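Let me give you the structure first, and then I'll get to my questions.
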Amino acid sequence: MTIAVVVFPGTNCEHDIVHALELAGADTEMVWHRDTDLRGADGIVLPGGFAHGDYLRTGAIARFSPIMDDVVTLATEGTPTIGICNGFQILCEAGLLPGGLVANRDLKFICEPVHIRVESTDSVLTRAAEVGQVLRIPLNSYEGNYVADNIQRIEAEGDVILRYSGSGGEVDDGTNPNGSTNSIAGITNAARNVAGFMPHPERASEAILGSTDGMVLIESFLASAELARA
Amino acid sequence: MTTVDAPDRLPDHRKLGMTDDEYQGVINILGREPLAAELAMYSVMWSEHCSYKSSRTHLGRFKSDQPWVVVGPGENAGVVDLGDGWLAALRIESHNHPSFVEPYQGAATGVGGILRDIFTMGARPIALWNALRFGPLDEPRNRYLFEGVVSGIAGYGNAVGVPTLGGEVEFADRFSKNPLVNVMALGILKRDQLVLSAASGVGNVAILLGAATGRDGIGGASILASAAFEEGDEEKRPNVQVGDPFEEKKLIEACLELFDRNLVVAIQDLGAAGISCATSEVAGSGGLGMDVDLDRVHLRESDMNPGEILMSESQERMLAVVTPENEAEVLAVAERWEIDASTIGTITTGPELVVYSGGEIVGDVPAASLADDAPRYDRPAERPDYLDEAWASEPHVLQSLDAAEVLRVLLDDPAIGDRTWISRQYDHMLFLNTVIEPGHDASLLRIKGTKKALAISTDGDSLRTYLDPRRGSARIVFESALNVAVTGATPYALVDNLNFGNPEVPGVMWQFIESVEGIAWACEALDVPVVGGNVSFYNQTDGVDIYPSPVVGMLGFCEPMPEQPPRLDRAEEGMTIWLVGQDAQGDFAASAYDRIINGALGGRPCDVDAETARRVVEAATTLAYETPVLHDISIGGLAVALAEVAIKSGVGFEIEGVSGPDLFDETPLRFIAVTYGDELPTNAPHREIGVVGGDALDFGDAGAIDVAEAANIWRNALPRRME
């Protein structure tokens, strides 16, 4: 089983997510954005960073990178696909997920561990977690504030998988770090095989880094890739 | 300034910041009047910023002869050996004047420049630090500068993909019109990846990689960085460069691939003085020459003249020397990473650097003369008068002070309060190396796949250095050493950034020489080599010199890394609190107490001795392997150090037997240790001063304050001023 990690110019979390995926036992392959073929990868990761410098709008140029045709094809066919932070922004721009991400409420970059509550386990990212489980995972973004026109439908259909919360799972304005609509930290698509989220699970992958809470998301993703392959 | 000539009536060399004597020196070298482009090159390369002409005489005082030093001062970065083929590269630089003119871009391009110095050596940059000085935050313009500089560091560092692991900041009146922005970077590499800047091989070609050359930053080194400031100099904005972290990110990846595949002979980044500096340095330091064709430089604006192309300080550019056989492959690597590249020169036997434009020679100068023949000044130095008055005074301290009252005021000070407002804006976790994050005495980075770890602390103490440049400077070295030691690291190498006023003022020159002596002496006391440094003079605005502000960046090294390095948030009910190191000696000169409570600045900082320094630093390094909490005592004294641990751990302390004044005394070379048990395994002087427990910071007879209240004040010190 091989996980493709897509690298755009300006991507900077590719080595970190590979480190975490390999800790969980995965084989990985980095794929440059000008390639056109993911070679039938069993799972796809769009990592964090500043693809194409975030110029124009985050993810807006990356969606036109040559590799994105195959990302869209495989994702549409059901390949487990996740976007972390900048990767989430690219998935939204590419139309694989609804909505988009705008500047944080206080117009400042935020790098700090936050609590997120698992809202649904019906996604490739959360299948090994439990509903209500609270994870402590670092956030690292300027445009992390999720917005969508059809927020009611997204909520009603259970597409929200992760929400910013307090350490006890409470969700309110005080536990919302960036002003994200309904404290949304991560969503999935209708087919449940594509997920995007802002916090960085690779940064919570070892005790020496302060938390291992990210591993449940990474393990969920790898289990999903294994299932999809079978 | 006494010159009253209107700028447009000045001779060309003076417009470019060159004196008449220096101009004559150029004529003597060339045997003729320089051409316009030649004059442009000499004016920048002989500027204070590039040539160190006022400081070089004194910098030989620094020693870098320890066996683990691989590359000492003089290259783009210092390099030290970490064993098993691993090396670390470090460097510090200032971007003071550009940041005053345009805070966001000034700071951003400072970050970009320091990163190029690191990857020029073949190292992958893994972390950044900074040291900042601003005027008081009650003035709106100082808030604007502070906010802009922090945003610039964050904007560039985050996007280029190098984490910013911390730094330090002070606020004082003399920085209102001359803020300081110093940035430091660390890289790691394997020994076989090390690349130096001296060219070899006649016939090899020089390839310019990266951004197109434009008109930005022309004369930045000579005009902005090498002259005092006057009212209205904000209009020098066109001299400030503009940064593009995306271009730099691609350049880093492209260069690291070139090094990995052994495709370059030598490489040099383009910083101050742009192409003039890079071409003359790679050729001159290799004892060779170069033919450079300016028509082949990729330009952003087509109508630039040769002098502008040579002097442009456009960012994100590198000059690589490669063999003709590898030229096509290097260009292919550039294409893959989507950066521009053009072959602009050929290495010759020299010694001339010959510059062509439009088929004509526009410059023909001995390559090495631009760097090696720069003037050197042994400027007059004289102990300034203000010290007589300062040393004659004695800071007043109330024997019966209420520690809670004092602490309420101190914790609200922006230089003492929580820095999360800053560090939260910086990505400080990228690369998954960060074991101890900003907010501790030093940050600690692991090197994945090894048991090695690196600790870094940047330190400065402008007011104390003002009151005694030599003692103050020695003390910042000791403080930085203790800061890395409390993570378990041994002080291993140091870089310094010497920020001073106008060197033509004898009192400033005296401060500078004394400071160099203090740093050099303290480094020798700890066997720490000085592997690099930078001098920033002319930090003078409207005739007022800044407080002398040497800043040091200390690299600490440990192997193996402690399994659980000490942290400030690991104090638990029932633990014992120890004071380790020197006893309080009544050291209140330039203390937070005197500055904030008395609103005063006077007295003479106490001296330190080498044996005590060694002993206390070693004790901290050893204790770090088995102690949950170690914390250096510095600004605000024991009381502030205890408060920080209590706040971060969320638990109270009961302190006994420490008098009110001793709580705020800033005697150096002491730290607190918090651990279970009734013994502390150390040979250094130590005594028990209390236990962890309750909800208050209870100083016995000196007073008590609830931890929650202290935390609230401390956490809001910056936000309440900035939001």
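Derivation of every value follows stated rules applied to the coordinates shown; laboratory data play no part. Treat the numbers as computed from the prediction; the structure is a model and nothing was measured. FYI the Cβ positions are ideal-geometry reconstructions off the backbone, even for glycines, and counts take in every protein chain you see.
Starting from the Cα gyration tensor of the range A:97-230, take the square roots of the eigenvalues, sort them a ≥ b ≥ c, and report rounded, prolate or oblate (rounded when a/c is under 1.5, otherwise prolate if a/b is larger than b/c, else oblate).
Oblate shape, in that a/c is at least 1.5 and b/c is the bigger or equal ratio.
Per residue, what volume in Å³ does the convex hull of the Cα atoms of the range A:2-229 enclose?
For the range A:2-229, the hull spanned by Cα atoms encloses 105 Å³ per residue.
For chain A, return all DSSP H helices satisfying: extent of Cα atoms along own axis at least 20 Å; mean Kyte-Doolittle hydropathy at least 0.5.
A:215-229
Another question about this same structure. If you average the C-alpha positions of the range A:17-47 and of the range B:66-98 separately, how far apart do those two centres end up, in angstrom?
About 35 Å separates the Cα centre of the range A:17-47 from the one of the range B:66-98.
Computed FRET efficiency, Cβ-Cβ of B:D372 and B:R614, R0 41 Å: what is it to the nearest 0.05?
Efficiency, rounded to the nearest 0.05: 0.60.
What's the FRET efficiency of A:R229 with A:I208 using the Cβ-Cβ distance as r and R₀ = 30 Å, to the nearest 0.05?
It comes out at approximately 0.40.
Would you please give the residues with an amide H less than 5 Å from that of B:T490, counting only those at least 5 places away or on a separate chain, with H modeled from the backbone geometry?
B:F557, B:C558
Excluding same-chain residues fewer than 8 positions from B:K15, which lysines have a Cα within less than 20 Å of its Cα?
Within the straight-line limit of under 20 Å, B:K15 reaches these lysines: B:K53, B:K236.
Can you tell me the convex hull volume per residue for chain B, based on C-alpha atoms, in Å³ to the nearest whole number?
It comes to 139 Å³ per residue, whole-number rounded.
A follow-up question, please. Starting with the fewest neighbours, write out B:I705, A:I61 ranked by other beta-carbon atoms found within 10 Å of each beta-carbon.
In increasing order of surrounding Cβ atoms, one gets A:I61, B:I705.
Averaging over all projection directions, find the projected area of the Cα convex hull of the range B:539-580 and quote it in nm² with one decimal place.
The number I arrive at for the range B:539-580 is 6.6 nm².
Let me test this: with uniform point scatterers at the alpha carbons of the range B:465-548, what is the Debye-based log₁₀ I(q)/I(0) at q = 0.11, 0.12, 0.15, 0.19 1/Å?
At q = 0.11, 0.12, 0.15, 0.19 Å⁻¹ the computed log10 ratios are -0.31, -0.37, -0.55, -0.80.
Between B:D607 and B:E524, 0.36 nm times their residue separation minus their Cα-Cα distance comes to what?
My answer for the length gained is 28.3 nm.
Which of the three applies to the range B:355-489, rounded, prolate or oblate, going by the alpha-carbon gyration tensor with a ≥ b ≥ c and a/c under 1.5 meaning rounded?
oblate
What fraction of the Cα pairs in the range A:106-163, stated in percent, has a spacing above 12 angstrom?
71
To the nearest 10 degrees, how steeply does helix B:707-716 sit against the main Cα axis of chain B, on a 0 to 90 scale?
Long axis of B:707-716 versus the principal axis of chain B: about 20 degrees.
Rg and Dmax of the range B:55-193, using alpha carbons, in Å: what are they?
16.4, 52
Toward the positive end of the charge dipole of the protein assembly as shown, about the Cα centre and with charges on Cβ (Lys, Arg +1; Asp, Glu -1), which of B:A403, B:V321, B:Y377 goes farthest?
B:V321
Still on this structure: Which whole-number value in Å³ per residue fits the convex hull of the alpha carbons of the range A:52-146?
108
Just to be sure I understand: with springs between alpha-carbon atoms less than 10 Å apart, which residue in A:T58, A:T126, A:T181 has the highest mean-square fluctuation in the Gaussian network model of chain A?
Highest fluctuation of the listed residues: A:T181.
What relative contact order, as a whole-number percentage, does chain A give when Cα pairs under 8 Å and 6 or more residues apart are counted?
Once normalised by length, the contact order is 21 percent.
Once the Cβ-Cβ distance between B:T450 and B:Y144 is put in as r, and R0 is 41 Å, what FRET efficiency do you end up with, to the nearest 0.05?
The pair B:T450/B:Y144 has a calculated efficiency of 0.40.
Filter the trypsin sites (Lys or Arg not before Pro) in the range A:36-85 down to the DSSP loop ones having no more than 14 other Cβ atoms within 10 Å, then list what survives.
Sites meeting the loop and neighbour criteria: A:R39, A:R57.
How big is the equivalent ellipsoid of the protein assembly as shown along its three axes, where each semi-axis is √(5λ) from the Cα gyration tensor, reported in whole Å from largest to smallest?
Its equivalent ellipsoid spans semi-axes of 42, 40, 24 Å.
Step by step: find N for the range B:547-629, compute 2.2 N^0.38 Å, then divide the Cα radius of gyration by it. What's the final number?
Ratio of Rg to 2.2 N^0.38 Å for the range B:547-629: 1.43.
Using alpha carbons only, how many degrees (0 to 90, rounded to 10) separate the axis of helix B:610-623 from the longest principal axis of chain B?
So the helix axis and the longest Cα principal axis differ by about 80 degrees.
Could you give the size of the charge dipole of the protein assembly as shown about its Cα centre, using +1 on the Cβ of each K and R and -1 on the Cβ of each D and E, expressed in debye and rounded to the nearest 20?
Here the protein assembly as shown has a charge dipole of around 900 debye.
So what are the ³J(HN,Hα) numbers for the range B:483-496, from phi and the Karplus equation (6.51, -1.76, 1.60; θ = phi - 60°), rounded to whole Hz, Gly and Pro as x?
4, 6, 5, 5, 9, x, 8, 9, x, 10, 6, 9, 10, 10
From the phi of every residue in the range B:86-95, what ³J(HN,Hα) in whole Hz does the Karplus formula 6.51 cos²θ - 1.76 cosθ + 1.60 yield, where θ is phi - 60° and glycine or proline is x?
8, 10, 10, 10, 9, 6, 10, 8, 10, 9
Let me ask something else. If I take every Cα pair under 8 Å that is 6 or more residues apart in chain B, average their sequence separation and divide by the length, what percent do I get for the relative contact order?
15
Let me ask you something else. Considering amide H positions built from the backbone, and no H for Pro or chain starts, which residues 5 or more places from A:A185, or on another chain, come under 5 Å of its amide H?
Sorted by chain and number, the residues that satisfy this are A:L162, A:R163, A:Y164.
Then there's this: What distance in nm separates the two pseudo spin-label positions at B:E679 and B:V409, each 7 Å out from Cα along the beta-carbon direction?
Those two pseudo-labels are separated by 4.4 nm.
While we're looking at this one, here's another question. Starting from the Cα of A:Q152, move 7 Å in the Cα-to-Cβ direction to define the label point; list residues of the range A:167-187 whose amide nitrogen is under 16 Å from there.
A:182
Could you name the aspartates and glutamates in cross-link range of B:K451, using Cα to Cα under 19 Å and dropping any fewer than eight places away on the same chain?
Within reach: A:D16, A:E206, B:D81, B:D84, B:E437, B:E559, B:E563, B:E626.
About the Cα centre of the range A:2-229, what is the dipole size in debye to 20, counting +1 per Lys and Arg Cβ and -1 per Asp and Glu Cβ, all else neutral?
Dipole magnitude for the range A:2-229 comes out near 300 debye.
Pull out a ≥ b ≥ c, the square roots of the eigenvalues of the alpha-carbon gyration tensor of the range A:84-124, then state rounded if a/c is under 1.5, prolate if not and a/b is larger than b/c, and oblate in the remaining case.
oblate
Moving to a separate point now. To test your reading of the geometry: what angle, between 0 and 90 degrees and rounded to tens, separates the Cα axis of helix B:36-45 from the longest principal axis of chain B?
20
Still on this structure: Check each of the GluC sites (Glu not before Pro) in the range B:621-687 and keep only those in coil by DSSP with at most 16 other C-beta atoms within 10 angstrom; list them in order.
Loop-located and lightly packed - B:E626, B:E656, B:E679.
Let me ask you something else. Under a plain spin-label model, where a point goes 7 Å from the Cα along Cα-to-Cβ, how far apart in nm are B:N598 and B:T323?
Calculated label separation equals 6.9 nm.
Whose amide H sits under 5 Å from the amide H of A:M30, counting only residues 5 or more places off or on another chain, with H placed in the peptide plane?
HN-HN under 5 Å from A:M30: A:V5.
Follow-up. Let me check against my output: what whole-number percent is the relative contact order of the range B:481-621, with C-alpha pairs under 8 Å and at least 6 apart?
Contact order relative to length: 36 percent.
Just list whichever of B:K190/B:K452; B:K190/B:K249; B:K177/B:K250; B:K190/B:K250; B:K63/B:K250; B:K190/B:K448 have alpha carbons separated by over 25 Å in the model shown.
In this structure, B:K177/B:K250; B:K63/B:K250 exceed 25 Å between Cα atoms.
Sorting B:K15, B:K648, B:K448 on the 10 Å Cβ count, fewest up front, what's the list?
B:K448, B:K15, B:K648
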